[in-house]
Amino acid sequence: MSTTPNHGSNVANAMIPTAMTPPLLRMPTEVLGMILQVFTSPLEHESDEFKPHWCSSVVDCSALEPVSQTCRRLRDVVQSLPSVMKNVVVTESVPLDCDRLQARSKDISLNVYISFFYHTPPQLGDWYTSEVSRIQELHLNRLGHLSLDYWTRLLSVSWLPPKGPFLTLPTHTPELRHLTLRGVCFLPVNHLTSLTHLALYDLFVPQCHINILKVLAHCHNLESLVLSNVRESLEGRSSPPPELCLPHLRRVTLHQPPVSRKLSLYFSSLPRAPHSALQLLDFPNESHIIWPLVSKYSPGAHTLCITHHSEPRVGSESTESAGRTKRTLNPDRGALSVTTIGGNGAFHAMVPISSRRYFAPMAMLKDVLSDKPSLANVREAWLVEVRATKPIFDHDHDSAMPMYILSDSSITRHRLAVAVRPEIAALPALEVLVHVSRHSLEPNLYMLPSTKDASFVSRNLKTLKLVIGHGLGKKKRPSLNRPVLKLARVAEGLATGNYAFLDTLILQVARNVVVDNEEMLAIQKFVPTVKIERIAAVPESPIPEYCKDPVARSSWLGALW
C-alpha cells in the first residue's frame, strides 16, 4: 500500500546526497535554511504602504518564491522556514495560494498583512475564518468601499444597519496581540481581551471618536494606543462616551488629532493610570486646552526637555562617489518638542516647523508651558539643539523678526531660542541645565538665564552641562580627526558677571576633541568646578521605562516613542 510522505520525511530524504547532487543541495537543512533566510526582510522595509508604528513581525518572503519552484528539496526547506510558516502577506500584487496556506502547521501563531483596495479574492474568506484564532498580529490596509460588502459578510456577526461603522472580528481571537487598521471604514466591536497594541490610521467612519471609545471599552489589556488622522464621515447625534477601564494602558499617541472640541473628548474619557504617558503630535493651533495636560499627565514634573528636531534631507550636492547618498540636516524644516516628566507620568507635545505653520512652535510653547504651578518643581532642564546665534536681550521678541527671512536657517534657530530662554529663566526650582549641541564646536552661554533678565527666578541654578556632540557617531577613526573645541565665547560670557551663580561647569566632548588648556584656565577663574568628560555617544534626556515601548518604531519626527 502506497503512502504519501509527509513534509518532515521530504526534508529528511532530501538530505541524503548522491553523486549527482549539486554542492548547494548537499548542505545540511539547517545551514541551507540559514542561507535562504538572508533573502527575507521585514515587510515595512519593502513596502511604502506598510509603515506600522511598532516593529512588525511580518516578513516579505516573495524573494523565496522562485527558489521554492526550483526543486522539491528547496521547496521543502523554504516551507520549513519559520519566517515563511508564520507570515501571511495577501495583496493585489501577491497571489493567494490557499493550498499552501492550509498546509502550514496549525500550532504556529501567524502574522498577517492584508491589503486590497479593489475586490478581495473570495477564496481568502474560508482561510481567514478558519485560521483567525491563531493570528497574533493583524494588519488590514486600504480595504476600500469596493471591498466593504465582502468584508461585511466575512467579519460581521452583528452589523449595524445600514452599513454602520462596525465590523465584528471572529469572536475567538485568543492570540491577537497587535491590530493595525489603516485606511478602512469600519471598526471591530467584539471583546479583544488579548489585544495589547492597537493602531488606527486614516479612519473615516460615522461618529468616529465616540465609536473609537466604544472599541476601547472592550480592550481591557491594552498597553499602547495610537490614533492618527481619524476623521468623522458623519457627525450624527452625539451620545455619551462609554466608561473605560484600561488598567494596563501605559502609552497613548494622538497624531494629527481633531480640533479642540473632539480632542477634549479623549482627554476626559481616557483614564490615566499611574506611570503612563501621553504624546500629542502635530496638533491644531487652536488647542487651547493643552496647558492642563502637563499637570494631568506629569504631576509634580521634575524634568523638562525642549528639543529642536531637524528633518533629514537628501541633496544632490551631497552624493558620494561610491553611489551612496549622504543625509544632511534641514534646519528650516523639522519639529519642536516639549517633554515634561513627573513622578508617575510623562507628557510629550510636538509640532512641525515649516514656512506654512511657522508660528505653531511658539504657540505650542505658550500652551504647554503656561501652567507655571505645574513646572514649579522642575529641577533639571534639557535644551537639545536649541541654540541662539547671538546674545538675547529683554527687548528681543519673536514678532519683531520679519517673515521674509524665514529661509535663513540661523534666524529659524534663533527665533526658537528667543522663545525658549524666558521659559527656562522662569523655573524657580531649576538646579541643572543641560545644553546639547550635536554639531557645533563653539559653544556659548546665550541660552543660560542671566541675573539681569527680568524673568530670572532660577536662584537655585548651580550646574551647567554643555554637551558637544561633534564627531560622535562618525565611522572615521578618532586619530584621523582632531577638532579643537573653542571656548572663547563661554569665557567671554562668564567674564560679564551675569552667570556668577554657577558653581559647576561640565563639558562633555568626544574622545578625539582637543581642549585648549589656556581657555580652560580662563573659565576656571569664574567657575569653581570645571570638569571635562569624554563620551562615546550623545546622552539622551532621562526617559522613564513606561515611555520605552520595546517594539516601538515611530516614523514621526519628534515622537517620544
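Taking 0.36 nm per residue of separation and subtracting the current Cα-Cα distance, fully stretching the chain between GLN524 and GLN37 would add 169.5 nm. The GluC sites (Glu not before Pro) found in the range 207-272 that occupy coil by DSSP, while having at most 14 further C-beta atoms within 10 Å, are GLU235, GLU243.
Computed over protein heavy atoms with a 1.4 Å probe, the accessible surface of the range 418-471 works out to 33 Å² per residue.
Go ahead and run the numbers for FRET between LYS452 and GLU540, Cβ-Cβ distance against an R0 of 30 Å, rounding to 0.05. Numbers along the way, then the final one.
On the way: r = 32 Å, r/R0 = 1.08.
Using R0 = 30 Å, I get an efficiency of 0.40.
Take the Cα of CYS71, step 7 Å toward its Cβ, do the same at LEU24, and the gap between the two points is 0.9 nm.
Past 26 Å, Cα to Cα, is the threshold; run LYS452/LYS525; LYS390/LYS525; LYS372/LYS525; LYS372/LYS465; LYS390/LYS465; LYS372/LYS462 against it and keep the listed order. As for pairs spanning more than 26 Å Cα to Cα, those are LYS372/LYS525.
Per Stokes-Einstein, at 25 °C and 0.890 mPa s, what whole-number D in µm² s⁻¹ belongs to the range 419-475, with the Kirkwood radius over Cα pairs as the hydrodynamic radius?
Answer from the Stokes-Einstein relation: 197 µm²/s.
Across the range 438-454, rounded Karplus estimates of 3J(HN,Hα) from the backbone phi angles (6.51 cos²θ - 1.76 cosθ + 1.60, θ = phi - 60°) give 7, 10, 6, 9, 10, x, 9, 10, 5, 8, 7, x, 9, 5, 8, 5, 5 Hz, Gly and Pro being marked x. Across the accessible surface of the range 174-295, with the other protein chains kept in place and a 1.4 Å probe, carbon and sulfur atoms take up 56 percent.
The values are calculated or read from the model by the stated rules, or taken from the named source; none is laboratory data. None of the values given here were measured: they were computed from a predicted structure. So basically every Cβ, Gly included, is an ideal-geometry build from the backbone, and we count neighbours across all protein chains shown. Note: areas computed on protein heavy atoms with side chains; ligands, DNA, RNA excluded. Shrake-Rupley method; radii C 1.70, N 1.55, O 1.52, S 1.80 Å.
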